[in-house]
Amino acid sequence: MSKKRGNGEGSIYKVGNKWKGAIIIGRSEDGKLKRKTFTGKTKEEVQRKMQPILAQIKSGDYIEPSNIKLADWLDTWLTTYKKNVLKPTTYDSYETNIRRHLKPELGHLTLKELNVPHIQQFINQKYEQGASTALLRKIRNILHGALKQAIINQLIAKNPVEGVVMPKHSQKEIRVFTKEEEKQFIEALGNDRLATAFKLDLVSGLRKGELLGLTWDCIDLENGIISVKQSLIRVKNRNKNATKKNKYFVADTTKTVNSKRKVPIPKTAIEMLKEHKRRQEYEKKLAGELYQDNNLVFCTALGNRIIPRNAERSFKRIANKAGIHGATIHSLRHTYATRLFELGVPAKTVSELLGHKNVAYTLNIYTHVLPEVKQEAVQKLDYLLAGNA
């Protein structure tokens, strides 16, 4: 076996018909030298492989990839770096996606082993199995954030997520009530406990959590303004002895920064809410000491919050009664936005009323409305050529 040092580029030597190279990258905890080895058919090939590592060592940027498993690092990252930063609902979403998707498929790999092809194959498989592009983007962002922190902690040198090509995002088709369905739905409401809530949603476009988390101090009944600043949220009950898996409470938080907003409502809605408040006061008297006054606008007969799942069930029952299919509570919000567009309200105003992050996001969701709105607008120009054609 002949040995040769290659012009200060590390030790390069020939073994049989192959060439090998070695670079000292540091020392282990017991003081022994740690080497990184390379092989190739020619000396030049080995030199090319060694060159980037040598350059990183020279600049002080070299990081020896970690043998920590991805599953373990995701746990560390979530509890150490994200727990006190994320909203409770977002933390639960991260934890769920890590447990259900990332750990089972990629968790066994070490940070050292994890590469672009691994992640690309994982994303492709999920997509082919029917995962939505929205879910895949969430998973991608979680993994990217975890590996970005791993770079800061000098556990890896590069973030392999950055090389992954995501499937083209497809906007899920939204369900909007026709004007006829609006009438049918309102008629089917009758004296349902949530009738006022669902009617209010049709003229305010509140999200489900915003609607169920609404308190009376957030409504200006004199001027007809709703101040959206909180939401009913669900978080996992991490108490091992708890009988219920989830906890629901009203929190001073909204989906995005722009979600905190003021929404004007029509006069008919103001009168409707005043009547609703009078009925609620009567219920308080009937319940007496059993009533839990949480100042909620929409609550149970004893003043307790209404769980979103139960609100969904009520909506479904009423929609079925009205002969409306394929809709959810969120359809009320979509219908509100659609009616505004049809009335010629500018996109920026609609976006602000909905609490979206920007106008582009709003337009992307409601692209189905715009062709009809444009067509109606153009027809209004008929008068210009009337009698002159």
Please enumerate, by chain and number, the lysines with C-alpha under 16 Å from the C-alpha of residue 285, excluding those fewer than 8 residues away in the same chain. 277
For the chain, report the accessible area per residue in Å² (1.4 Å probe, heavy atoms, rounded to an integer). 60
With the contact rule set at Cα under 8 Å and sequence spacing of 6 or more, what percent relative contact order holds for the chain? 12
Long pairs among 49/138; 126/199; 32/69; 148/236; 34/158; 58/126, criterion Cα-Cα beyond 30 Å: 49/138; 126/199; 58/126
Taking the chain as the reference, fit the longest principal axis to its C-alpha atoms, fit the long axis of helix 179-189 to the helix C-alpha atoms, and give the angle between the two in degrees, 0 to 90, nearest 10. 70
Selection of GluC sites (Glu not before Pro), segment 154-230, meeting DSSP coil and at most 12 other Cβ within 10 Å: 173, 222
Give the aspartates and glutamates whose C-alpha is closer than 18 Å to that of residue 112, dropping any in the same chain fewer than 8 places away, or say none. 61, 64, 72, 75, 162
Just to be sure I understand the model, the point goes 7 Å from the Cα along the line to the Cβ. What's the resulting residue 43 to residue 293 distance in nm? 9.1
Measure off, as a whole percent, the carbon and sulfur share of the 1.4 Å-probe accessible area of the chain, all protein chains present. 51
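The values are calculated or read from the model by the stated rules, or taken from the named source; none is laboratory data. All of these numbers come straight from a predicted model, not from anything done at the bench. Backbone-built Cβ (ideal geometry, glycine too); neighbour counts: all protein chains shown. Heads up: the accessible areas ignore ligands, DNA and RNA and are worked out on the full protein's heavy atoms, side chains in. Shrake-Rupley method; radii C 1.70, N 1.55, O 1.52, S 1.80 Å.
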